[in-house]
Amino acid sequence: MTKELFELLLSAPELIAFDNGEGDDGGGDDDSGTDGGEGNDGTNVSGNEDDGDQQNKGKTFTQKDVDEIVVKRNKKVKAQLEQMERNYQKLLKEQGMSAEMRAQLEKDLDDVRAQMMTKEEKLKAEKKRSEQEYQARLKLVEEERDAYRLRFESSTINRAISDAQQKFQGWDSDQFIALLGPKAEIIEELDSKGEKTGQLVPRIHWNVNKEDGTVEKVLLTPDEAVERMKEDVDKFGNMFRPNIATGVGGGTAPGTQSAMTGKIDQKRISDEEYFAMRKKDPGSFRRQVGLSR
């Protein structure tokens with residue numbers, strides 16, 4: 001589509017009127033005589049607008065007349081705008097239009113529609129647009145906030161678990177993070193009186209098996225959680241250096257036979273722990289649980 005055709009389709013219609021109602025020079029074949037002549041009774045029969053001007057001269061328009069003129073004009077303008085709206089809608093359906101041209105058409109279409117609105121409709125549309133812009137900005141801010149919060153929490157938790165792993169001589173920090181990370185969260189620290197200190201700290205949800213067979217859920221620091229893992233030699237003994245035998249002929253390490261051989265007792269680990277270990281290092285995990293390659 002050429003630029004000239006594009007502009008032609010979007011141009012507003014114009015009315016063309018002639019000052020002379022007949023639309024010509026007044027020359028005709030009637031018998032009224034030439035311009036400026038007089039009839040048999042001496043009256044002016046030239047066809048000029050002098051008579052009409054004399055009749056309309058001094059005419060007073062009533063409010064009703066003015067209202068009718070305004071209504072007709074508004075209808076005319078509205079019809080023109082509606083036609084322009086249809087033209088824009090038709091053009092927007094065209095394929096192969098550049099993104100820049102489409103954006104300009106959509107903006108112009110919005111402008112045309114705005115001209116067709118009443119004052120109340122314009123206020124309502126402006127209010128809706130402002131609310132949409134506000135919600136869009138709010139959503140962006142919330143997404144950025146959540147992203148930074150997630151980064152902070154993740155890095156804080158991972159660092160605390162890694163520090164605890166090194167403190168208690170664990171083998172692989174990534175293995176501890178994979179196991180304890182899903183159980184961790186950032187909470188506000190409480191002092192000895194149970195009051196909030198304003199400090200955000202990592203805590204790990206831990207299940208404690210009680211003597212009566214019930215399970216108690218507690219919150220532990222990463223150090224406390226890793227320390228309990230080290231004490232549970234049958235379940236986590238292979239994850240710590242002192243609990244693994246050095247090899248054939250080497251010195252014995254504390255713990256049960258499963259700990260000394262570096263094996264994992266599948267009956268003593270949860271499903272969550274099982275899948276976390278298997279995902280981290282599938283080959284090593286298969287050997288630790290006694291499966292062949």
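The values are calculated or read from the model by the stated rules, or taken from the named source; none is laboratory data. Owing to the predicted nature of the structure, the values given are computational and were not obtained by experimental measurement. In this analysis, Cβ positions are derived from the backbone assuming ideal geometry, glycine residues included, and neighbour counts consider all displayed protein chains.
Across segment 156-199, which residue is farthest from P282 (Cα to Cα) among those that are surrounded by 14 or more Cβ atoms within 10 Å (Cβ to Cβ) and among the basic types (K, R)?
Checking each candidate, the answer is R159.
Six or more apart or on different chains, Cβ under 8 Å: which pairs go from a residue in segment 272-293 that's closer than 18 Å to L179 by Cβ and buried (at least 16 other Cβ atoms within 10 Å of the Cβ) to one that's of a type in the set (G, A, S) and at pLDDT 70 or above? Could you list them?
A276/A178; M277/A178; K280/A178
Go through segment 176-196 and give me each residue that's at pLDDT 85 or above and either among the polar types (S, T, N, Q) or within 23 Å of Y274 (Cα to Cα) (or both).
Once the filter is applied, which keeps residues that are at pLDDT 85 or above and either among the polar types (S, T, N, Q) or within 23 Å of Y274 (Cα to Cα) (or both), segment 176-196 yields F176, I177, A178, L179, L180, G181, P182, K183, A184, E185.
Of all residues being assigned to a strand (DSSP E or B) and surrounded by 11 or more Cβ atoms within 10 Å (Cβ to Cβ) in segment 210-244, which is farthest from the chain's Cα centre (by Cα)? Just the residue, please. Please lay out each step first, then the result.
Filtering segment 210-244 down to residues assigned to a strand (DSSP E or B) leaves 215-220, 240.
Adding the requirement that they be surrounded by 11 or more Cβ atoms within 10 Å (Cβ to Cβ) leaves 218-220, 240.
Values: V218: 39, L219: 36, L220: 38, F240: 46 Å.
Here the residue is F240.
Determine which single condition N207 fails, assuming it passes every other condition in (1) touching a helix residue (DSSP H, G or I) at 6+ places or on another chain (Cβ under 7 Å); (2) part of a strand (DSSP E or B); (3) polar (S, T, N, Q).
Failed condition: (1).
What are the pairs with Cβ atoms under 7 angstrom where one residue, in segment 92-112, is closer than 16 Å to E82 by Cβ and the other, located anywhere, is aromatic (F, W, Y)? Sequence gap at least six, or different chains.
From segment 92-112, the pairs are D108/Y88; L109/Y88; V112/Y88.
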